[in-house]
Structures are given as C-alpha cells and as structure tokens.
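Novice: Sharing a structure, written as structure tokens. Questions coming.
The values are calculated or read from the model by the stated rules, or taken from the named source; none is laboratory data. It should be emphasised that the depicted structure is a prediction, and the values quoted were computed from it without experimental measurement. Using ideal geometry, Cβ is built from the backbone for each residue, glycine included, and neighbour counts are taken over all protein chains shown. Just the protein is used for accessible areas: all its heavy atoms, side chains included, with ligands, DNA and RNA removed. Shrake-Rupley method; radii C 1.70, N 1.55, O 1.52, S 1.80 Å.
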Amino acid sequence: MKYYTSTTEFNCGIDLHARQMYVCVMDRQGKKRVHTNVKDNDFSFFLKLIEPYKHDLTVCCECMFGWYWLADACQAAGLTFVLAHALYVKAIHGGKNKNDRVDSEKLTHLLRSNLIPPAYVYPADKRPLRALLRQRIFYVWRRSELLARIHSHQLAHNRIPARQTRRTRDPWEEQLLGAEDHPLRQIALKNDLAMIRHFDQQIFALEEELQRQTKKVAGREYALLQSVPGIGENLGLTILYEIGDVARFPTVKDFLSYCRLVKGTVASAGKIKGLRGAKLGNPYLRWAFGEAAVIAKRDHFRIRPLAQRLEEQMNGNKFKANTVIAIKLARAVYFMLKNKTVFDPERLVAVLARN
C-alpha cells in the first residue's frame, strides 16, 4: 500500500455527500482550525472558511460517486487535491462511533500523518470520453441480458434457438416470431426484439463517435493495441481509456494488480492463510482482458494449441487457463504502451510455451 506525503502546513479532510460536506482543517500540530458542516456543497462558502489557510493547504476526500466536481473546483481554485482510496482508508482507521464529524476529523489526521492511500484522479478533459465508453459497455451488457433472455425462452419451450445475427437481425427475428404461436408470448418477444434493435442503434452510434474521437487524441496508442491478439476496435477503446496514462503505474506488477488479474495473499507466521483483494482494481480492465484472452484462444492459430495445453496442465480448468493468457496479454500491453512498440507474437508464444 502506498501513502501520500503531505508537505503543506494545513490539511483539510472532507466527508463528502451528495448534498453536504463536513469540513475539518488542521495544522501540523493537530490543532483544529475549522470543523463544520457545509450545506448544499456550497464551494464559495467553503473557500471563505479556508481563506486564512488556503495559501498552504491540501484538500482530501474519499473516492465516492460525487468527487468529480470537488476535484475540478479545487484545481480551479489553485488548491492541492488528494483523492483517498475509500477501501484502503476503511482498513486503516476504525472506531466505536462513526458520523460525518468524526470521519472528517479522522481523514484530516490521516492526511497530516501521511497515511492517506491515494487513488488516481482521472484527468477532467478525458472523463467525458471514458464516460461515453462506459455507457457503451453498459448498453452492451444490457443487450446481452436480453439476448440471453430470448435464448432461455426458446429452450424453455424445447426449441432450438435461432442463430443470432448482428449486422442484420431481420432473418433471426422472423425465425423467432414464426416459431412462436402464442399471442401473448409473441408480444413479449416483440418487446425484447424492439429493445435489442434500439440498443443496436445506440451502440453503433457510440462506437462511431468513440473511434472518431480516439483517432484524433490517441490514434497511435489505439493502433498499437489492435495489434494484440484478441483486442479489436471496441476492447482497444476500453483498455485505452481505462488505463489513461500508463506512466502512473511504476511497474508491471502495479498494472496487473490494477487490472484485477492478481490477488493479494493473507499470511501469518510464514504461512499463507488465503487470498484477498479480488475486487480491488478496475473491473472494466478485468473484463476487457478476460474477453481478449477468450478471443485470442479461439482465433489465433499459435495461441490456441498453447491454451489447450495450459488447460490440460490445470486439470481442465478453463477459467485459470484464460486468466494466465489474460495476464500475459496485459503484460504485453503495459510494455507496448510504455515503450510505444508493436505487439511481438513470438515473445508471447515463447512465454506461454514455458508455462
């Protein structure tokens, strides 16, 4: 766990909520200078409270759903802002009583004691593109649920599910509706098909806009990612925007940990008691590299036999074998983006052959 080192004379911890924030300002000696609630998240009133201290002040809040505006407002006001990793902070401090007043004070104590585990503040100018990408992923997942719903409906009535088509769904829809004889079930089926068509249109429009914007701002990195087996246009977008600046990861181990591809261990007296930290990191990157591993294993003629050998070594456990391939792909992506080099398939094959 890494910690942020505060160098300012005054430190401010904020317990942030949707409609209010509890502010605590302390000096280096731990003396409280401000400790009050700010209603309606009035930032101008907050600036008045910290006016005597803002010349040498660090502001900190936990990473929760509403921190974007506070980070941007602090940056605009020339204040040093630190985003605290909420799960790590929870592991550090505890107490019998918990409320907004206590939480803001504890956060300030941790900040002035250099015990704040920092989270990454994603650049404000890149957030809209990432938000658009996550919206696309959300639509894709909802569409998959509808497709799975139709598939299960066909199996429930002992029908062989019709083969799905993406670019043109007309033959697929005609076959589904032609096999359904009950009028009420036809209505339900038409509703699902209409929603799928709507998702198709929105997803296609989002993909066009994302690729157009990406070619303007990160065309080279986007092209490099698409040279990796299993990573196409859409997975490349996910990986590119969820990583952000690859330089924020000092080592490849930090990157793999952020991608949720490795777990932490719990050890005591020299014995490993178990694993932990499976949900620490970026779920979108874990999903993207998992998908890339499955596609690479299916489509790449050199990776397929090596993946099959991995499965045999792991007693037929496909999930573990796919995770190994995902880790190797993630390592390759890290060094490619860091060194600005294209993918080398021979190196990947050689690494997989040694496993």
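Novice: Considering the range 194-220 alone, what residues qualify as being touching a residue at least 40 places away in the same chain (Cβ under 8 Å) and open to solvent by less than 50 Å² (accessible area, probe 1.4 Å)?
Specialist: Ile196, Phe199, Asp200, Ile203, Leu206, Glu207, Leu210, Thr214
Novice: How about the range 204-221: which of its residues are among the polar types (S, T, N, Q) and in a loop (DSSP other than H, G, I, E, B)?
Specialist: none
Novice: Considering the range 222-242 alone, what residues qualify as being within 21 Å of Leu348 (Cα to Cα), open to solvent by less than 60 Å² (accessible area, probe 1.4 Å) and either β-branched (Val, Ile, Thr) or not in a helix (DSSP H, G or I) (or both)?
Specialist: Passing the criteria: Ser227, Val228, Pro229, Gly230, Ile231, Gly232, Ile239.
Novice: Within the range 249-289, take every residue that is of a type in the set (D, E, K, R) and open to solvent by less than 60 Å² (accessible area, probe 1.4 Å) and give me the one that is farthest from Tyr334 (Cα to Cα).
Specialist: Arg286
Novice: Could you grab the pairs with beta carbons closer than 9 Å, sequence gap of 6+ or different chains, first residue in the range 291-313 and farther than 21 Å from Asp344 by Cβ, second one at pLDDT below 90 and part of a loop (DSSP other than H, G, I, E, B)?
Specialist: Glu311/Asn317; Gln313/Asn355
Novice: Which one of these is closer than 30 Å to Gly236 by Cβ, among the aliphatic types (A, V, I, L, M) and out of contact with any His (no Cβ under 6 Å at 6 or more places or on another chain): Leu70, Leu57, Leu132?
Specialist: After applying the criteria, what remains is Leu132.
Novice: In this structure, does Lys2 turn out to be open to solvent by 60 Å² or more (accessible area, probe 1.4 Å), touching a helix residue (DSSP H, G or I) at 6+ places or on another chain (Cβ under 8 Å) and of a type outside the set (A, V, I, L, M, F, W, C)?
Specialist: No; evaluated as a whole, the condition is false for this residue.
Matching residues to (1) assigned to a loop (DSSP other than H, G, I, E, B); (2) free of Cβ contacts under 8 Å to residues at least 60 places away in the same chain:
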| site | (1), (2) |
| --- | --- |
| Thr265 | no, yes |
| Lys279 | yes, yes |
| Arg286 | no, yes |
| Thr323 | no, no |
| Met336 | no, no |
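Novice: Go through Ala86, Ala73, Ala119, Ala77 for me and flag whichever is in contact (Cβ under 8 Å) with a residue 40 or more places away in the chain, among the small types (Gly, Ala, Ser), surrounded by 14 or more Cβ atoms within 10 Å (Cβ to Cβ) and farther than 30 Å from Gln201 by Cα.
Specialist: Ala119
Novice: Something else: Looking at the range 58-70, I want the residues that are among the polar types (S, T, N, Q) and have a partner that is not in a loop (DSSP other than H, G, I, E, B) with Cβ atoms under 8 Å, at least 6 apart or on another chain. Which pairs are those?
Specialist: Close Cβ pairs (under 8 Å, with a partner that is not in a loop (DSSP other than H, G, I, E, B)) amount to Thr58/Phe10; Thr58/Asn11; Thr58/Cys12; Thr58/Thr80; Thr58/Phe81; Thr58/Val82; Thr58/Leu111.
Novice: Something else about it: Of everything in the range 338-352, what is touching a residue at least 60 places away in the same chain (Cβ under 8 Å), assigned to a helix (DSSP H, G or I) and open to solvent by 40 Å² or more (accessible area, probe 1.4 Å)? Give them in sequence order.
Specialist: Scanning the range 338-352 gives Lys338, Pro345.
Novice: Any chance the range 126-148 includes a residue that's outside any helix (DSSP H, G or I) and under 29 Å from the mean Cα position of the chain (by Cα)?
Specialist: Yes, the range 126-148 contains at least one residue that is outside any helix (DSSP H, G or I) and under 29 Å from the mean Cα position of the chain (by Cα).
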